[in-house]
Every structure is written in structure tokens, then in C-alpha cells.
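Accompanying notes for the structure given below.
The values are calculated or read from the model by the stated rules, or taken from the named source; none is laboratory data. Owing to the predicted nature of the structure, the values given are computational and were not obtained by experimental measurement. For neighbour counting, all protein chains shown are included, and Cβ atoms are generated from backbone atoms with ideal geometry for every residue, glycine included. Heavy atoms of the whole protein, side chains included, go into the accessibility calculation; ligands, DNA and RNA do not. Shrake-Rupley method; radii C 1.70, N 1.55, O 1.52, S 1.80 Å.
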Amino acid sequence: MEYIIGIILLISFFGLAYYCIKGHNLMIGFLLITLLWTIVPLGGTLFVSQDFLAANPVLNFGKDNTLIAALNKIYQSAPEGWGTTLVNVCWGAWFGRVLMDTGIASTLIRKTVELGGDKPFVTVALLNIVTALIFTAMTGAGPVIAIGVIVLPILMSLGIPKSIALFTFMGSVAAGIYLNPVNFAQYRAFFVTPDQLPDFNLGWYASHWGYAALIIMLISTTLLSAIYLKRAKTVHAWAAQTRGAASEQKNAPFYTLILPVVPVVLKIWLDFSVIGGFVIAGFLALFLCGRMTGNFKENCQLVNKLYYDGVVDTAPLVGFLLTLPMFNSVAALASPYFKVILGNVMPRSEIVVCIVFAVLLCMGLFRGPMTLVGCGAATLGVLSNVASFSVPFLYAVFAIPTITVNIGCCITQSWVAWGLAYTKVESKDFLKLSIPNAYLTGVLQYIAVFVMLGGLGAAWFLS
């Protein structure tokens, strides 16, 4: 009977994949799959063999492990435990809004363009570097759009075809997210609770793999942009619009241009509080850029408005991310049945995992079964319960399809969809450029994963 239940759960897994690919609401999808994976495994205990139950204590309920306690862990404790991550998300969104409101982000972009002069490739390379640095601190659709309306017209005014301009901008945004403390905290929550493995923090992750991941994506995106530019014809349709927009904007003081990386630097070098870094850099930006010149009440209203706008930027993700801990928790109930079906199929060695995921990188597109912000959480639940891998290794394995493929290359990503509409680029034209980058970058990153994170000791495994 356990085989039949396992097949039902496997079908539901592929049903979730199809649901995500079709672009339906992720929060509702994961809530429904959580309910299904609660009912079917628990109901199945009435029909499976006693040997199966004896081999899987998670499905045995008694005085020390009551059914109510198990349900409370799934539907109460799991989402509550994600609250610490949510706080980081909100403050990070506020800091992103501060950088936009003070003009620091836009000034960085304009100074970079001035440095590049009339050489399109040099300007592209410099803009990619600056954009990646900016998005080590900023995240969410609002900040990406705010920077995009500056960068994209500038690139197109240099004669760069709009599809290449969009491709290179989105790729550099994704590169920066590899070191973004807010995104790191979000994705870390898929693997461990905030109290587990405290040594697996942003500083450790960055020095052991994060820097390499960012550099690989930045270089790959820039080199492919150069190749695409060589083959393309240049156009100058947006030049007048860009010069007009730029002339109306005031530059932020030059000494404030280091503030976007302050929270990341403090966290990586000193393991300083992420929120503390956002607060320090955010208020320094507001004061040094002359935004706090009103009376106390007006200044309070400004800070409140920026916080409100920042939280609104991230709101669509919050409901989805609060259902994920429920799903991660309920996967423990389904895992014994998956082991019966997939125990001999799922890869058990690190080298095989890297090869399989590299080959199947395309399944990170369209919220597929490789990306954590789609139905990759289900794949993670299956993989982590049929074999033992270190947490940093698994994090990197799933970060690549999530960031490189989904965030940087997929048209289902909210800001990529905005960019397609803004630049009037056809989705097929964007995918022709982005999918080769997904594979080039992804394969190189998986090599780095195996070399840098393979064979970690038992201290990095969950008990």
C-alpha cells in the first residue's frame, strides 16, 4: 500500500510543478499541497504494513508524539519560525527605498556611464559591475524597476539593441543577489531554521562560495553580451529621451556612493547585524543627502513612507514565503513514501547531484521543479530525505536554478516580465539570449559547488 500512496504523492508533486509553470498563485498552491501531503500520508498509516510504520517513527503517534503536536508543528511553529527572516526582508526593502529616494542608486549609474564614455562594451561591463553591487543590498521588484528605468534607456541610447540591454541588466541584477543578505536569509530558511547551524551565515557562505557565484555570473553575462553585441546591429532610438531624463536629476554627494555596500560589508567582515547595517547606512543616506531637513514630524513621516513603500514592494512574496515552512515541515511526513518510490533513483553522491542539476538547469525556468521560488521546495524535500548532503552544498545546488535561471533568465520573474513590457522585447527574443547564459553560468557554478563545497564534514549535516 505504501507504494500506491507514494505514487499518489509523486503525481501530486508533478501536479504542483504544472501548477507553478502555468503561473498560478504560489501561496495557494503550496497551501493546497501542504494540506494534501498532510491528509494522504497520515491517512495512509491506516493501510500500510506494520514493518513500514516501525521503520518510520515520524508516522508513529503516541503519548510522546501526538498527532495534534505534529499538526501544530506544521501549521503553527513552522511559519512562526520564519518570522526572524521576514524582519530582515522588511528592513532590506526599506533600505532599497532609501537608496532610490536619496538618488544614490541613480547617481552611481550615471557616474558609471560617464566613466565608460562612448565605448558601448566598456559601459556595459561597468554598468553590470555597479548594478551587481547595488543589488547586493537592494531586492524586490520596486528597486529593480527603479534602477531599470535608468539603466535600460542609457544602454539603448548607446546603440545597444533592446533585447541585449534587457538581458545584460537582468543578468547583473541576479549576480548581485548571490550576496544579498535578505535573499540569503530567505533561501536559508528552506534548509534550516534560524537557530540551526549558526555557523552557516552570510560571511561563511560568501567566502566559501558566494563570491565565486557572483563573479562567475557577472563575467558570463558580460562576455555573452559582448558576443551578442558583435553579432547585432546598433540602434539609437532612445538617445534623446535618456539625455532629457538625466539632465533633470540631481546627483547625490560622492561620499555617499559607498553606502549601498555598507550592510553587506559589515555582515561579511564583522558578522554585524544585517538590520543594524540597513539602519546605519539608511539613516546616513537620508542625512547626508539632505532628506532629513524638515521638522521631527515631517522626518518621521518620510521614514514611515519609505518603510511602507518598501514593504509593499515585497508583499507579494511574503504570503508565499510563509506557506513554505509549512510545506518544508510536512515533507517529513511524505518522505517515507518517497523513499519507497525514489530511494533507488534519486542521486546520492555530490558529483552526480551536480551533473544532474547542471543538465536539468532548464527545469529552473517557469517556476519549475529546480527553483526554490517555484516547486523546487518539493524537490528539496525529496532529495534531502532520500540521501544525506551538507546544508551548504544543498543550498548552493538549489541557489543556482533559483537565482541564475529563474531570477536572471526567466520571463516568469516579475521584474523580467516588467522589462519585457517596458522595452517591448518579445519573450522569445529574451529567452534566446538568457537560456545560453543560464547553462554557461550554471555549469561553471556547479563545478565551483563541487570543488568548494563538496565533502564538507559531519558538522554541516543536520542531525
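Applying the criterion of being in contact (Cβ under 8 Å) with a residue 24 or more places away in the chain and among the charged types (D, E, K, R) to the residues of segment 261-297, the residue that is surrounded by the fewest Cβ atoms within 10 Å (Cβ to Cβ) is ASP271. Please work out which residue is surrounded by the most Cβ atoms within 10 Å (Cβ to Cβ), limiting yourself to segment 298-316 and to residues that are of a type in the set (Val, Ile, Thr) and within 21 Å of the chain's Cα centre (by Cα). Restricting to residues being of a type in the set (Val, Ile, Thr) and within 21 Å of the chain's Cα centre (by Cα), the top hit is THR314.
Checking the conditions here, which among ILE147, ILE164, ILE129 is under 20 Å from the mean Cα position of the chain (by Cα), hydrophobic (A, V, I, L, M, F, W, C) and either open to solvent by less than 10 Å² (accessible area, probe 1.4 Å) or over 25 Å from GLY92 (Cβ atoms) (or both)? From the options ILE147, ILE164, ILE129, the qualifying one is ILE147. Among helices (runs of 4 or more DSSP H) entirely within segment 317-414, having at least 1 residues that are at pLDDT 85 or above and either buried (at least 22 other Cβ atoms within 10 Å of the Cβ) or more than 20 Å from the chain's Cα centre (by Cα) (or both) singles out 350-359, 391-399.
Within this structure, PRO79 passes the test of being at pLDDT below 85 and either touching a Pro at 6+ places or on another chain (Cβ under 6 Å) or among the hydroxyl-bearing types (Ser, Thr, Tyr) (or both). Considering only residues in segment 25-56 that are more than 26 Å from GLN76 (Cβ to Cβ) and free of Cβ contacts under 8 Å to residues at least 12 places away in the same chain, the one that is least open to solvent (accessible area, probe 1.4 Å) turns out to be ALA54. For a quick check of your reading of the model, give me the residue pairs whose first member lies in segment 302-314 and is of a type in the set (Lys, Arg), whose second is in a helix (DSSP H, G or I), with beta-carbon atoms closer than 9 Å and at least 6 apart or on different chains. Final answer for the pair search is LYS305/ARG97; LYS305/ASP101. From the list THR102, THR123, THR107, the one residue that fits, being in contact (Cβ under 8 Å) with a residue 40 or more places away in the chain, polar (S, T, N, Q) and open to solvent by less than 10 Å² (accessible area, probe 1.4 Å), is THR107. Within segment 238-263, the set of residues being modelled with pLDDT of 75 or more, aliphatic (A, V, I, L, M) and either in a helix (DSSP H, G or I) or farther than 12 Å from LEU99 by Cα (or both) comprises LEU259, VAL261, VAL262.
Restricting ALA459, ALA421 to residues that are in a helix (DSSP H, G or I), small (Gly, Ala, Ser), within 25 Å of LYS339 (Cα to Cα) and open to solvent by 40 Å² or more (accessible area, probe 1.4 Å) narrows the list to ALA459.
If the condition is being open to solvent by less than 20 Å² (accessible area, probe 1.4 Å) and in a helix (DSSP H, G or I), then segment 424-446 contributes PHE430, SER434, ASN437, ALA438, THR441, GLY442, GLN445, TYR446.
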